[in-house]
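A.B. asks: Attaching a single structure in structure tokens format; questions to follow.
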Amino acid sequence: MNSRRRILFISSWYPSAKRPIEGIFVREHARAAKLYHDVSILSLGLAENTDDKASLTENVEDGMRVFRYTQPLGAMPKVRFLRRLWQQVGIAKRVADILGGIDLIHTHTYHSGIVGVILGRRLKIPVVITEHWSGFHLGGLTRIEKFKARWAMRHAQVVVPVSEQLQQDIRLAGVRANFKIIPNPVDNSLFHYEATFKNAETNRRRIVPTPESIHTRGSIDSVSIDADLYREDKTLFAFRTATVGSLIPLKNIDVLLEALHILNSRNINLYLDIIGDGGERKRLELLSTELNISHQVHFRGTLPKAEIAKIFGVCDFYIHPSRWENLSCATAEALCAGLPVAAADIPGQRVYIDETNGILVTPNSAEALADGIQSLCAKINAYDRVKISNDTAARFGMEKVGSMLNDLYCSLLFQNKT
């Protein structure tokens, strides 16, 4: 079955103008599926105020029709849930009609999966649920939420965790389902050695000293990433690195800042771009001042992926200290850009990292992270950046994940036909 079919993604997480990084991994799955099929998206959201009215809008984004349905919060929780669910199913059916019919529903997270399963039964078409949520591991499910997850996933044709660890955690929640692991995709046309690191070579002065010659080099101006940053009249640090993620306790950015402080005491001097925003930002900025490293840390806030790729293009390596990840998209993007990675030794990083492309360290330890970064710096020239990039793209690139989704869709559509 090679013909393009009509696939409707349904998700409560999807990027918008107000929340540009919310559910960005869902959009990447949609873009991967779009390589083989006609994909439309229904994003289900809640209004900010109880007196707001429900609304449905439509836009074309990334070559896909994106419908955004916003509904008011409602009153009592139990009534609110049932009423909201009924409205969401009705809107999903309306969107399916607008599209002239759909062949398969692909929902993201079990919340949207409930809507998808009900609509799928009504339309007699297959339903897939992709799950991303770390709450299955971190204890975020109440008894009623476990019931919802079990019901939705039991009635979907296939449940797609993005990692083996997440599949194990879902099973531990009592879910019985037909599982198939498909990872988050990486836009390897944007994050790739040829498009990022190699092209930046002409715009940078590479300083990769031996461990014995590493020394402090002053500060870099807080300016945009472009050729001007690396003009010869700029003072450079020994190494440049970055980390990407929401500024929340789970991401352990404080551990990273403490590791930089330790490395300074060893005369190993780094310049760090922190990409992302969140409730921890002020505390982390204050911590960087207290540790006397604010001159070598730049809090860049939330950036589009194209800007992140530019920053990766002038980095020597990438750091991801998070204490938990189901599957870190940022780590995969850095590897696709050809950057070796220092990361916490957790399941969501072991999927990506081995001795050929980086180093894993004991989680939640600034000392261990500093040791790992020091080891990475010492052998920075030994890493084959082209191989790192190509190997990662072969496993997690858009074409690979799109092909996996296509195989799944075609199998389910064939079974549904017969």
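The values are calculated or read from the model by the stated rules, or taken from the named source; none is laboratory data. This structure is a prediction, so every number in the text was calculated from the model and none was measured. Note: ideal-geometry Cβ built from the backbone for every residue, glycine included; neighbour counts use all protein chains shown.
A.B. asks: Please find, among Ser389, Ser403, Ser375, the residue that is buried (at least 24 other Cβ atoms within 10 Å of the Cβ), among the polar types (S, T, N, Q) and out of contact with any Pro (no Cβ under 8 Å at 6 or more places or on another chain).
C.D. replies: On the way: Ser403 fails: buried (at least 24 other Cβ atoms within 10 Å of the Cβ); Ser375 fails: buried (at least 24 other Cβ atoms within 10 Å of the Cβ).
Going through Ser389, Ser403, Ser375 in turn, the sole match is Ser389.
A.B. asks: Kindly check whether there is at least one residue in segment 293-305 that is basic (Lys, Arg) and under 16 Å from the mean Cα position of the chain (by Cα).
C.D. replies: First, pick out the residues of segment 293-305 that are basic (Lys, Arg): 300, 305.
Now restrict to residues that are under 16 Å from the mean Cα position of the chain (by Cα): 305.
Scanning segment 293-305 turns up at least one residue that is basic (Lys, Arg) and under 16 Å from the mean Cα position of the chain (by Cα).
A.B. asks: As an exercise: evaluate Asp345 against (1) under 14 Å from Thr243 (Cβ atoms); (2) more than 14 Å from the chain's Cα centre (by Cα); (3) among the acidic types (Asp, Glu) and give the number of the one condition it does not meet.
C.D. replies: If we test Asp345 against (1) under 14 Å from Thr243 (Cβ atoms); (2) more than 14 Å from the chain's Cα centre (by Cα); (3) among the acidic types (Asp, Glu), just (1) comes out false.
A.B. asks: Tell me, yes or no, whether segment 362-372 has at least one residue that is closer than 30 Å to Arg27 by Cβ and among the hydrophobic types (A, V, I, L, M, F, W, C).
C.D. replies: Kept after step one, since they are closer than 30 Å to Arg27 by Cβ, are these residues of segment 362-372: 363.
So of that shortlist, the ones also among the hydrophobic types (A, V, I, L, M, F, W, C) come out as none.
Scanning segment 362-372, I find no residue that is closer than 30 Å to Arg27 by Cβ and among the hydrophobic types (A, V, I, L, M, F, W, C), so the answer is no.
A.B. asks: Out of all the residues in segment 1-35, which are over 29 Å from Glu325 (Cα atoms) and among the hydroxyl-bearing types (Ser, Thr, Tyr)? Break it down into steps so the answer makes sense when it comes.
C.D. replies: At the first step, the residues of segment 1-35 found to be over 29 Å from Glu325 (Cα atoms) are 1-6.
Of everything in segment 1-35, just one residue is over 29 Å from Glu325 (Cα atoms) and among the hydroxyl-bearing types (Ser, Thr, Tyr), namely Ser3.
A.B. asks: Please state which one of Ser224, Ser189 is in a loop (DSSP other than H, G, I, E, B) and at pLDDT below 50. Give the steps one after another, and end with the answer.
C.D. replies: Numbers: Ser189 fails: at pLDDT below 50.
It is Ser224.
Yes/no matrix, rows are residues, columns are (1) over 30 Å from Ser3 (Cβ atoms); (2) at pLDDT below 95; (3) assigned by TED's automatic domain parsing to the domain that holds Ser328:
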residue	(1), (2), (3)
Thr362	yes, no, yes
Ala368	yes, no, yes
Cys377	yes, yes, yes
Asp391	yes, no, yes
Gly402	no, no, no
Leu405	no, no, no
Cys410	no, no, no
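A.B. asks: Is it true that some residue in segment 388-406 is among the basic types (Lys, Arg) and touching a residue at least 24 places away in the same chain (Cβ under 8 Å)?
C.D. replies: Yes: segment 388-406 contains one or more residues that are among the basic types (Lys, Arg) and touching a residue at least 24 places away in the same chain (Cβ under 8 Å).
A.B. asks: Does any residue in segment 11-23 that is under 20 Å from Thr130 (Cα atoms) and at pLDDT below 85 come within less than 9 Å, Cβ to Cβ, of a residue that is surrounded by 13 or more Cβ atoms within 10 Å (Cβ to Cβ) and not small (Gly, Ala, Ser) six or more places away or on a different chain, and which pairs are these?
C.D. replies: none
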